[in-house]
Every structure is written in structure tokens, then in C-alpha cells.
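Read through the structure below, which is laid out as C-alpha cells, and then see the notes.
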Amino acid sequence: MTQNMRPTDFKAIYDRFQANVSRFDCGRFCAPLNNGQPVCCDTTHAIPVVDKPEFALLKSRTDLWTRFKPHDATARNIVSGLHKDCVAVECKGARFCERDNRTLACRAFPFYPYFDRKGELLGLGTYWIFADRCWLMSNMQVVERDFIKEFIAAYEYVFERDTGELQAMKDHSANHRRVATRNNQPIVLIARDGGFIKIMPRTHEVRPATERDIVKTGPYKNPRAYAKAVKEAGGELPAQSPFIG
Ligand code: SF4
Ligand code: SF4
């Protein structure tokens, strides 16, 4: 395994991976269910993990990020299980977000680069455990073409230099296939050139897919489920409906 990424490589990635994931501020849709915090900016849900050279770059640019201090046993387990080249970090919170100083993980969430069994990068898979909280995962049709292009280019840049990260994403894809087979559910991906494809459970055959294959989950199933979940969470309905037709 090689890890040849330097802080300047992460700078090159940050310079090239700036596209908005969509024209929606999706944090406004998930935050009412999470005490007003976008789910992916809250370490009780998602702990950002960066390579040490990425952390070095961030520290040279901003005081936004510090090492993450685990708040419970689950978080302690996550941190202690990290590869020695990685570090768990946390920012000052969504109100203080600095767009240019978001990590690669922030920019890419909720997507990861999906590899098939032959090791080909097919497109953007999702971190499936967030499906019940992340609005975007139920609405992947809003993802912009520029974002897809920049996402693929950013990760290909990383994989050319870091075979450890490449293997980690191949392993993650294999894990996704196992979960999909267990649940007998296809994996819906955003294809690397746009559009949708799906990976069938068990056979892992690749088939074309459409917007209709995107699974709407939990509170994002319909307006009634969303209104009920927001009420239960003690939140306020956003000014713009998250059901965008
Ligand atoms: S990506 Fe998902 S979790 Fe993050 S702000 Fe958007 S809807 Fe919320
Ligand atoms: S830097 Fe911004 S996008 Fe990243 S976790 Fe913090 S608030 Fe969220």
C-alpha cells in the first residue's frame, strides 16, 4: 500500500472540487429533524475522517478544524479503529462553515466512489446507513453534472497516489454489495457520466436505472411522514418544501 498524498495534493483537489452538489441547500431539509443541525455536520451522526496530510493543509489555512474528542463509547471505538494515517476531526459547526476549507469528506458526502468486482469505478454510491436522515439520498436526481465530474476527478487523483484509499473504497463497495444482497435491494448509483444505474442483488449485474429507482426513505417518503417526523423532533417545517416534484 502506498500513501503518497501530500498537503499540496489536497490543495489541488480542493481547488478542483468546488461544485455545489445541487441547487438546493439540503441542510435546510434534514436539519429540522436534527435539532437544527445538518446531519452530516453533526459529529453525533458523522465524524469526519481525514488523511494526516489533509489535516496538515487545513491547519495551515484555518482554525476551523480540531482533533475530534470522542463523546461516548461508540465514538471512541470509531476513533481507535482508524488507520494510523488518518485522523478524526471536527469543525466549529455549520454556522461557522468555511466553504473553501471543507474536507474532501464534507465535499463528497453522502457519496463514495463505487467499484465493481473487477475494480472499475462505476459511479457514486451512497453511505447507506444515513438513508433515514439524509434528504439528498432520497433525492439524488437533483445532483448536478459538474459535481459528478469533479467528484470522479478528485477521487481518481487520490487513487493514483494512494493505493490504501483505493483498496478501502473497493472494500467498502464489496460491503455495500453484501448489504444489498442481504436486503435483496439493488444498489442505485449515479453513473460516472451522469444518469443512473443499478447493481442487482446476488448477481451484481449492472442495469440501467431511472429516477424512479431512487428509494425514498423514512421521513422523506412523503409530506405526511416528513411533517410527523419534524413535529416529533420538535423542529419547524422549512420555508421550502423538501418534496420537489
Ligand atoms: S447531504 Fe444529506 S445530511 Fe448533509 S446536509 Fe444534505 S441532506 Fe443533510
Ligand atoms: S466544514 Fe462545513 S460542511 Fe464540513 S462538517 Fe463543518 S459545517 Fe459541515
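Measuring from centroid to centroid over Cα atoms, what is the spacing of region 37-83 and region 157-175 in Å?
Value for the Cα centre distance between the two parts: 20 Å.
Any chance you could run the full-extension gain for A19 through E160? It's 0.36 nm times the residue separation minus the Cα-Cα distance, nm to one decimal.
48.6 nm
Please name which of Y14, V215, M137 has its Cα lying farthest along the dipole of the chain towards the positive end, using unit charges on Cβ (Lys, Arg +1; Asp, Glu -1) and the Cα centre as origin.
Ranked along the dipole, the leading option is V215.
Based on the Kirkwood radius over alpha-carbon pairs, what is the Stokes-Einstein translational diffusion coefficient of region 7-233 at 37 °C with 0.692 mPa s viscosity, in µm²/s?
Once the numbers are plugged in, D ends up at 178 µm²/s.
Size of the dipole of region 144-186 about the Cα centre, Lys and Arg at +1 and Asp and Glu at -1 on the beta carbon, nothing else charged, in debye to 20?
Its charge dipole is roughly 380 debye.
With every protein chain kept in the model, how would you rank D116, D9, D72 by accessible area, 1.4 Å probe, largest at the top?
Listed by decreasing accessible area, they come as D72, D116, D9.
Given a Förster radius of 41 Å and the C-beta distance between V179 and D63 as r, what FRET efficiency does 1/(1 + (r/R0)^6) yield to the nearest 0.05?
After rounding to 0.05, the efficiency reads 0.60.
Once you have the Cα-Cα distance between N77 and K11, take 0.36 nm times their residue separation minus that, and quote the gain in nm to one decimal.
That pair, N77 and K11, stretches by 20.8 nm at full extension.
Evaluate 2.2 N^0.38 Å with N set to the residue count of region 129-240, then give the Cα radius of gyration divided by it.
1.25
Any idea of the accessible area per residue across region 7-233, 1.4 Å probe, to the nearest Å²?
It amounts to 52 Å² per residue over region 7-233.
Report the trypsin sites (Lys or Arg not before Pro) located in region 112-148 that are in a DSSP loop and have at most 16 other Cβ atoms inside 10 Å of their Cβ, or state none.
Hits after loop and neighbour filter: R117, K118.
Leaving out ligands, DNA and RNA, and with a 1.4 Å probe, what % of the accessible surface on the chain is carbon or sulfur?
The nonpolar share, carbon plus sulfur, comes to 50 percent.
Please give, to one decimal in nm, the separation of the simple spin-label points placed at K92 and N35, each 7 Å out from Cα toward the Cβ.
Roughly 2.0 nm, to one decimal.
For A239 and C106, compute 0.36 nm times the residue count separating them, minus their Cα-Cα distance, and round to one decimal in nm.
That works out to 45.4 nm of additional length.
Can you give the charge dipole size of the chain about its Cα centre, rounded to the nearest 20 debye, using +1 on the beta carbon of Lys and Arg and -1 on the beta carbon of Asp and Glu?
Roughly 520 debye, rounded to the nearest 20.
Considering Cα pairs under 8 angstrom that are at least six residues apart, work out the relative contact order of region 163-245 and quote it in whole percent.
15 percent.
Tell me the Rg and the Dmax, in Å, that the Cα atoms of region 169-214 produce.
Gyration radius and largest Cα-Cα distance of region 169-214: 10.3, 28 Å.
Rounded to the nearest 0.05, what FRET efficiency is calculated for K231 and D132 with R0 set to 22 Å and r the Cβ-Cβ distance?
0.85
At a threshold of 8 angstrom on Cα-Cα distance, excluding pairs fewer than six apart, so keeping six or more, what relative contact order does the chain reach in percent?
It comes to 24 percent, rounded to a whole number.
The values are calculated or read from the model by the stated rules, or taken from the named source; none is laboratory data. Because the structure is a prediction, the values reported are computed rather than measured. We place every Cβ from the backbone using ideal geometry, glycine too, and count neighbours over all the protein chains shown. Accessible surface is based on the protein model in full, side chains and every heavy atom, while ligands, DNA and RNA are left aside. Shrake-Rupley method; radii C 1.70, N 1.55, O 1.52, S 1.80 Å.
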